[in-house]
Amino acid sequence: MKLYYAPGACSLSPHIALSESGLPFELVKVDLRAKKTENGDDYTQINPKGSVPALGLDDGSVLTEGPAIVQMIADKVGGGKLAPENGTPERYRLQEWLNFISTDLHKSFGPLFAPTLGDDAKQFFKDRIAKYLAYADKQLAGKDYLMGSSFTVADGYLFVILTWCDRMKIDLAPYPNLSALRARVAARPQVQQALQSEGLLQKA
């Protein structure tokens with residue numbers, strides 16, 4: 001498998017999943033502004049959406065969208081290691097978390113990366129993010145990870161979003177459970193490996 005990524009972007013989530021999986025994979029860095037891979041290839045020929053992540057599969061096809069990619073990785077590993085088994089109530093809870101992180105948290109951060117966004121608009125999105133962080137923090141009470149005592153691909157995705165809080169000057173102090181989750185995930189050896197591969201170890 002071949003993961004197309006940009007350092008520190010949401011593609012870090014499937015990078016973490018792949019590192020945790022133990023499956024063989026290759027990394028290909030993408031310049032999102034130029035839409036070029038590190039080899040100079042036109043990235044839009046690989047993923048017409050022009051965004052990361054994209055996962056090149058062994059059959060030559062390409063899978064996009066982080067929540068889909070991390071579940072496929074988890075299913076390749078099997079045994080409930082990175083996600084509950086398909087068809088179980090727990091799997092639907094995992095999908096609930098992945099959708100919440102993707103459509104609520106992730107999408108609320110997106111506008112903050114726009115250099116032309118005004119201060120009022122930034123505050124609007126930061127207020128929205130605060131509401132979602134408070135919700136996630138409350139749900140984590142008494143748990144090590146989102147699904148309980150075991151790490152899943154949803155924790156990897158949430159961890160990536162939480163690393164963006166530093167860049168956007170969003171204080172995690174009011175959310176002790178999220179702060180603990182971030183530290184717990186960051187300390188995992190395979191997560192450290194993924195961060196180091198992307199040059200992010202000092203920024204996590």
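Observations, loosely collected:
- Accessible surface of the stretch 125-178, 1.4 Å probe, proportion on carbon and sulfur as whole %: 49
- Relative contact order computed over the chain (Cα-Cα under 8 Å; 6+ residues apart), in percent: 22
- Spin-label model, ALA34 to THR116: label points 7 Å out along the Cα-to-beta-carbon direction sit 2.3 nm apart.
- Cα shape, the stretch 135-204, gyration tensor, a/c 1.5 rule: oblate
- Taking all Cα pairs closer than 8 Å and separated by 6 or more residues, the relative contact order of the stretch 102-194 comes to 25 percent.
- Ordering 13-21, 117-125, 72-80, 35-43 by mean Cβ neighbour count within 10 Å, with the highest value first, yields 13-21, 72-80, 35-43, 117-125.
- Rolling a 1.4 angstrom probe over the stretch 10-71 with all protein chains present gives an accessible area of which 48% lies on carbon and sulfur atoms.
- Segment THR44..PHE124, full-extension length gain: 25.6 nm, with 0.36 nm per residue of separation and the alpha-carbon distance subtracted.
- Sites listed here are GluC sites (Glu not before Pro) in the stretch 66-164 whose DSSP assignment is loop and whose Cβ has at most 16 other Cβ atoms within 10 Å: GLU85.
- Compactness of the chain - radius of gyration and Dmax, Cα, Å: 16.6, 48
- Taking the Cα centre of the chain as reference, the dipole from Cβ charges on Lys and Arg (+1) and Asp and Glu (-1) amounts to some 440 debye.
- DSSP beta bridges in the stretch 1-105 [antiparallel fraction, %, rounded to 5]: 70
- Solvent-accessible area per residue, Å², over the stretch 92-201 with all protein chains present [probe radius 1.4 Å]: 50
- When the chain is treated as a Gaussian network with alpha carbon springs shorter than 10 Å, the biggest mean-square fluctuation among ALA114, ALA183, ALA68 belongs to ALA114.
- Between GLN95 and LEU23, the modelled labels are 1.8 nm apart [label points 7 Å from Cα along Cα→Cβ].
- Listed residues ARG91, ARG167, ARG33, most fluctuating in the chain (Gaussian network, C-alpha, under 10 Å): ARG33
- Model label points for SER197 and ALA180, set 7 angstrom from Cα along the Cα-to-Cβ axis, are 3.0 nm apart.
- Cα shape, the stretch 1-110, gyration tensor, a/c 1.5 rule: oblate
- Shape descriptor for the stretch 113-160: Rg over Rh equals 1.14 (Cα atoms; Rh from the Kirkwood inverse mean 1/r).
- Rg ratio for the stretch 91-143: its Cα radius of gyration over 2.2 N^0.38 Å, N being its residue count, equals 1.31.
The values are calculated or read from the model by the stated rules, or taken from the named source; none is laboratory data. Not measured: the values here are computed from a predicted model. Here Cβ is always computed from backbone atoms with ideal geometry, including for glycine, and neighbour counts include all displayed protein chains. Just so you know, the surface numbers come from the protein's heavy atoms only, side chains and all, with ligands and any DNA or RNA stripped out. Shrake-Rupley method; radii C 1.70, N 1.55, O 1.52, S 1.80 Å.
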